[in-house]
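J.: Mind looking over this structure? Questions follow.
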Amino acid sequence: MSLRARKINRIVFIVFLSASAYALAKALLPGDDSVGFIPWDKAKHFIVFYVLSVLASLALPQSRLHRIGLVLLAFGGSIEILQGFVGRDASWFDLFADACGISAAFGPMLVSKWWRETARF
């Protein structure tokens, strides 16, 4: 299926790909020991995957959210596997934080969609 048939929002898709590449690079490059704006690692995972989920849903408006979520979760799992090869700590808790960020983004979207489809006043 071509990009045109899927009605991809190209600008948001480019932003999504850029954000994904940045997240991958930050996850695989050696980490700095500074505290930064968000000191807790799991919160960073949550926020990154929340933002990626929102961007992906805006870039691919006709795609099913559970498919986008599974792809993003696979991306998070791949990051954790790759981190084990580059000397960083791979953690199931990081993957869980990724899943929580995806769920937090898609939960309200799914409820809103369900509400619009079932609420007949």
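The values are calculated or read from the model by the stated rules, or taken from the named source; none is laboratory data. Note that this is a predicted model, so its numbers are computed, not measured. Note that each Cβ is placed from the backbone with ideal geometry, even for glycine, and that neighbours are counted across all protein chains shown. The area values use the complete protein model at the heavy-atom level, side chains included, leaving out ligands, DNA and RNA. Shrake-Rupley method; radii C 1.70, N 1.55, O 1.52, S 1.80 Å.
J.: Would you mind getting the accessible area per residue of the chain, heavy atoms of the protein chains only, 1.4 Å probe, in Å²?
T.: Each residue of the chain exposes 71 Å² on average to a 1.4 Å probe.
J.: While we're on this one: Identify all lysines with a Cα-Cα distance to K42 below 19 Å; exclude those on the same chain that are fewer than 8 residues away in sequence.
T.: K26
J.: Relative contact order of the chain, please, whole-number percent, based on alpha carbon pairs below 8 angstrom and at least 6 residues apart. List each step's numbers first, then the result.
T.: Values: 106 pairs, mean separation 40.6, N = 121.
Dividing the mean separation by the residue count of the chain yields 34 percent.
J.: Averaged over every viewing direction, what's the projected area of the C-alpha convex hull for region 66-120? Give it in nm², one decimal, please.
T.: Averaged projected hull area, Cα only: 3.8 nm².
J.: Putting +1 on Lys and Arg Cβ atoms and -1 on Asp and Glu Cβ atoms, find which of V71, A99, H45 reaches farthest to the positive end of the dipole of the chain.
T.: Of the listed residues, the answer is V71.
J.: Take peptides 54-66, 9-21, 94-106 and line them up by average Cβ neighbours within 10 Å, highest first, as a rough protection proxy.
T.: Values: 54-66: 16.1, 9-21: 13.8, 94-106: 20.1.
The most tightly packed comes first, giving 94-106, 54-66, 9-21.
J.: On C-alpha positions alone, give me the angle between the axis of helix 41-59 and the longest principal axis of the chain, in degrees, nearest 10.
T.: The angle comes out at about 30 degrees.
J.: Got a number for carbon plus sulfur as a percent of region 22-121's accessible area, 1.4 Å probe?
T.: Here it works out to 70 percent.
J.: Give me the lysines in straight-line cross-link reach of K7: C-alpha distance below 23 Å, same-chain residues under 8 apart excluded.
T.: Within the straight-line limit of under 23 Å, K7 reaches these lysines: K113.
J.: Taking only the C-alpha atoms, wrap a convex hull around the chain and report its volume per residue in Å³ as a whole number.
T.: Cα convex hull per residue, to the nearest whole number: 133 Å³.
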